[in-house]
Amino acid sequence: MTAVVFWVAAVLALGGAIGVVVQRNPFYSVLSLVVHLVALAVLFLLLQAEFLAAAQVIVYVGAVMVLYVFVVAYVGGLADPLTDPNTAVRATAPLFALALLVEITVAILGSGLKAIDTEGPDVAAGFGSPSAIGELFLTKFLLPFELVSFLLLIAAVGAIVLARRDPEATEPVSRQEPGRPF
Amino acid sequence: MSPAAYGWLVLAFPLAGSILIALLWRSLPGRTAGWIGSAAILLSFLSAVGALVQLQDRSEHERQLTSSLWDYASTAGLDVKLGILVDPLAVFMCLVVSGVSFLIHLYSVAYMASDRGYRRYFSYLNFFVFSMLLLVLAGNFVILIVGWAFVGFASYALISFWYRRRTATYAGMKAFVINVIGDVGLVLAAIILQRDLGTLDLPTVFARAPEVFERNEWLIVAVCLLILVGAFAKSAQIPLHTWLPDAMEGPTPVSALIHAATMVTAGVYLIARMHPLFELAPTAADISAAIGALTLVFAASVALVVTDLKRIIAYSTISQIGYMVMGVSIAAYSAGMFHLMTHAFFKALMFMAAGSVIAAMAGQQDIDRMSGLRRAMPRTFVAFLVAAMALSAFPGFSGYFSKDEILAFAAERGGGYWILYAAGTVAALMTAFYAFRMIFRVFGGEPSEEARELEQGHIHHAEPVNPVTGEPEDTDVGYPGPEHHIAERDREMWIAMSVLMVLSVVGGVLQIPGVTHAIEHFLDPTFADSRFADTNVSGNLEALALVVGGLCSLAGIGLAYLLYVRMPGSTLALADRLRPLHRFLERKWYFDELYGVLVVRPLRALGEWSSTVFERVVIQGMVGSATAAVRTGSTIVRVAQSGLLRYYALLLLAGVGGLALYFLLVSR
Amino acid sequence: MDIAWYLVLSAFIFCIGAVGVMVRRSPLVILICLELMLNGANLALASFARMTGTHDGQVFALVVMIVAAAEVVVGLGLIVAMFRNRLPMDVDEMSELRG
């Protein structure tokens, strides 16, 4: 049963990821990402990371994806042009990524970690529950917790500054002649 | 209180005075700074007296005390304490230094009264006294070197006291550079001693040195010669004497205190303090004695022809220190220290009187311009006369007993030391001559314009000019003050001079050959381990030295009388007849020229070569190739900065891949 | 399922994301691909947490999630600002930092 769920979720996650990369329309990319994220949440559940799975669904699928969709709708579904001037990058990038993939896989399989060939040790019923993680956040990881909350605050303020309309400019104008970046 | 506690007090008062004046200088009205400085030195002198009394209460074997406040560095093989050594020699020097310093402070209270740098002056002066006492009381080489360097700095600061006078700042630099040469010698000597004896503590060094070093072994001779470099630089002995005449650019009381009475005798003190080492290295001691003899003849001969009043006295100082260096080098320790003391009295007095004369001449220092000041300045005349008689070893005056005791000891050593005796005697003749040359030319003859003005109750005031170069000066800060103070009018100056007059006359009774031996007995515990402790000068030789010394003195005075009073103008004819000799003396034996050829010109050539060839080719070549390398490298690296985000991501990924590959290979 | 499978899967997701970052030109899609990479890392973290039986990996994954959220907020803000200034939606066009 677990294996079946794993393979279904894994295929969906991989398919979603590939879809993100190959769809030319950003809107479809976002939709693929949603599939990928939900599949990943299922995998988290299989790993008994229940709170993580819930957070994945709520934060990513619920909030972040909505943001993406809004922005794509705002900016417009601009598809990538078919021709790529940087053919060198385009050609070599998959090679490098493939090399890295092979390296990581070799590292994983050859790592000799003790429990890597098992499903992991038996854990108590509360493993991965919000209370367990929350307790860690308020004890062992208090400092990272505070830092991360501060980071969120900074991001919120930064987003407001970026998205705010310049009150003095009546009409949005580019500061340089059109067609030139910045 | 123990003598050591008094020793700390001796140090504490001048330091406190210096800091107090330096911090409060804004809020000290009028002459307060001067009085604070004088009081600090007086308290220091009283503490020295306390140490003396306490020391005399102890038995002879317990008169050498050490005391330390805290450890500076206490590690394996090195143990440096902030420690002092209180023994009869140190207490003797403390008494002389603080006593004379107090009188000169008192003199300065009036003499410097109109100077804009009045408070700075007293802060420096107190700091100097502190440094000198630190040097004298030092219990180990580190403190000794610290005091030694502080004294050098204080001397620099006071020579350059009128810092807007170009000649004064140059003289300060010259003095400092030569003093630093001496510091280096002393430091090197200390390093060798630390290496071979494992300690820097003075009593321990003296105790261990005979166990480690053979007599006259080359290493201990080298150590002693390095110590001599330090001693000669401070004491202005050949070949490091050139700074002292130029040091006369400082205010006259400074010349009296530092460049006549105390600081320049530090070298003599050092040799006396290091006597256990010098007795291990008789070769070095003999070299020192020979240089002392050479210096005393040289300086006395130059003093015959110099016409700047303060420079005559400066050369006289060099000459007299030559006597002391000779004395302590031939193991006549108590005689050398005795001469150090009497010289401090009469030379300080002579400078004070000279300061009074120069003030009356409105800053003019050339004795060619002075004449007939006797009636206008009776007090100054008496003081100068007493000092000159003591200097020329007139029978009965203090200089008579102290100098002739050194010469008698040289005669007692016999053999080659008779040469030293002869040199000292010839120089004594010259000393008497130039001392009274000053008297007859400054105070005798027809009154000069300034003297007549003073007789009518006015001190001459002229447009202030630099006495050396004739450049105009103002009286603002960094220059001499506008007023002139003379002993006839200022009570403080006259009191200080009176005390020194009494001391110059009667100072000799402490040790009249064959009658009293106060200083010898007092210093005995320090020098008890000397090989010459039991050497007593035979009565015949002492009588010989006294008679010959007295005759020399009288002959020199008589000759001066003959040439300057009975036959005025004859000296000019004499100088014409002996032009090469006169020129040789006037150019100070061509020492400055010699240094110009040996040191200054090669260094300047090296500097010019460095700035034209080395700088242009090597340095600029290095800089140029460095910038070229950076520029080339950055041109290559700039290619990577394409501004394309995806390209950066690719590089990043390639880097991560490479790193992962590396770790995989390493872990294999 | 063995933990190794999860880890291999996470490596795949990470590398697919990396390819996306390098071959796509729209800043919006590049941001999405970055999310993919972060998610790959998150999966690995959760797997390790399971493997060791501790929560540390999960806590870390949560932190990564929060950082990703912050990044998305700023990144999307930038994209909106770019759009408003009528800048081209192409990272190749924005090469002002060329050395």
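Just so you know, all these numbers are worked out from the coordinates, no wet-lab data involved. Values in this document were obtained by computation on a predicted structure and should not be read as measured data. Note that each Cβ is placed from the backbone with ideal geometry, even for glycine, and that neighbours are counted across all protein chains shown.
DSSP loop GluC sites (Glu not before Pro) in chain C with at most 13 other Cβ atoms within 10 Å of their Cβ, which ones? It would help to have the intermediate numbers written out before the result.
Numbers: sites: C:35, C:71, C:93, C:96; in loops: C:93, C:96.
Those satisfying the criteria are C:96.
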Round to the nearest 0.05 the FRET efficiency obtained for residue A:124 and residue B:654 when R0 = 30 Å and r is the Cβ-Cβ distance. 0.10
In degrees from 0 to 90, rounded to the nearest 10, what is the angle of the helix B:3-23 Cα long axis to the longest principal axis of chain B? 70
Violations at 21 Å Cα threshold for listed pairs B:174/B:588; B:174/B:403; B:234/B:347; B:234/B:310; B:81/B:234 -> B:174/B:403; B:81/B:234
Which ³J(HN,Hα) values, rounded to whole Hz and listed in residue order, are derived for the stretch B:259-272 from phi using the Karplus coefficients 6.51, -1.76 and 1.60 in 6.51 cos²θ - 1.76 cosθ + 1.60 with θ = phi - 60°, glycine and proline given as x? 9, 9, 8, 10, 4, 5, 8, 4, x, 4, 4, 4, 5, 5
How far apart, in nanometres, would the label points at residue B:307 and residue B:598 be if each is projected 7 angstrom from Cα along the Cα-to-Cβ direction? 3.0
For residue A:7 paired with residue B:12, estimate the spin-label separation in nm (one decimal), with each label point 7 Å from Cα along the Cα-to-Cβ line. 9.6
Name the lysines eligible as straight-distance cross-link partners of residue A:140: C-alpha to C-alpha under 29 Å, and not fewer than 8 places from it in the same chain. A:114
Just to confirm my numbers, what's the Cα centroid distance between the stretch B:378-436 and the stretch B:229-295 in Å? 18
I'd like the orientation of helix C:3-23 relative to chain C: the angle between its Cα long axis and the longest Cα principal axis, in ° from 0 to 90, rounded to 10. 10
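Once you have a ≥ b ≥ c as the square roots of the Cα gyration tensor eigenvalues for chain B, tell me rounded if a/c is under 1.5, and otherwise prolate or oblate according to whether a/b is larger than b/c.
Cα axes put chain B in the prolate bin.
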Using only alpha-carbon positions, what ratio does the radius of gyration of chain A give when scaled by 2.2 N^0.38 Å? 1.36
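Is there a quick way to get the dipole size of the protein assembly as shown? I mean about its Cα centre, with the Cβ of Lys and Arg at +1 and of Asp and Glu at -1; what is the value in debye to the nearest 20? Kindly include the intermediate steps, with their values, before the conclusion.
On the way: 59 positive and 69 negative charges, 328 e Å.
Charge dipole of the protein assembly as shown: 1580 debye, to the nearest 20.
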Order the peptides B:95-104, B:198-207 from the highest to the lowest mean number of other Cβ atoms within 10 Å of their residues. B:95-104, B:198-207
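In peptide A:51-64, how many Cβ atoms from other protein chains are near each Cβ within 10 Å, on average? Could you put the intermediate results ahead of the total?
On the way: counts 5, 12, 1, 0, 5, 6, 0, 0, 6, 8, 0, 0, 3, 9.
Neighbouring Cβ atoms belonging to other protein chains average 4 per residue here.
Could you calculate the contour length gain from residue B:39 to residue B:476, that is, 0.36 nm times the residue separation minus the distance between their Cα atoms, to one decimal place in nm? Spell out each step's value before the answer.
On the way: separation 437, 0.36 × 437 = 157.32 nm, distance 2.76 nm.
Fully extending the segment from residue B:39 to residue B:476 adds 154.6 nm.
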Compute the distance in nm between two label points, each set 7 Å from the Cα along the Cα-to-Cβ direction, one at residue B:666 and one at residue B:632. 3.1
Kirkwood hydrodynamic radius over Cα pairs of the stretch B:411-517, then Stokes diffusion coefficient at 37 °C and 0.692 mPa s, in µm²/s: 174
Going by alpha carbons, how many degrees (0 to 90, nearest 10) lie between the helix axis of B:417-438 and the longest principal axis of chain B? 70
Would you mind classifying the stretch A:7-55 by shape? Square roots of the alpha carbon gyration tensor eigenvalues, ordered a ≥ b ≥ c; an a/c under 1.5 is rounded, otherwise it is prolate if a/b is larger than b/c and oblate if not. oblate
So what is the calculated 222 nm ellipticity per residue for chain B, using -39500 (n - 2.57) for each DSSP H run with n of 4 or more, over all residues, to the nearest 500 deg cm²/dmol? -22000 deg cm²/dmol
Here the whole-number average of other chain Cβ atoms within 10 Å per Cβ of A:31-42 is 2
Counting only residues 5 or more apart in sequence or on a different chain, those whose built amide H sits under 5 Å from that of residue B:465 are B:473
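Relative contact order for chain B: what percent, with Cα pairs under 8 Å and sequence separation of 6 or more? Write out the running numbers ahead of the final one.
Details: 1093 pairs, mean separation 89.1, N = 668.
RCO, chain B: 13 percent.
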Taking R0 as 35 Å, what's the FRET efficiency between residue B:217 and residue B:605 from their Cβ-Cβ distance, rounded to 0.05? 0.35
Tell me, how many Å apart are the Cα centres for the stretch B:298-354 and for the stretch B:1-40? 29
Express in whole angstrom the spacing between the alpha-carbon centres of the stretch C:52-77 and the stretch A:138-164. 12
Per 0.36 nm of contour for each residue apart, how much would the distance between residue B:617 and residue B:59 grow if the chain were fully extended, relative to their Cα-Cα spacing? 193.8 nm
Relative pair counts by distance (%), Cα atoms of the protein assembly as shown, 10 Å bins: 2, 10, 16, 15, 9, 5, 5, 8, 11, 10, 7, 3, 1, 0
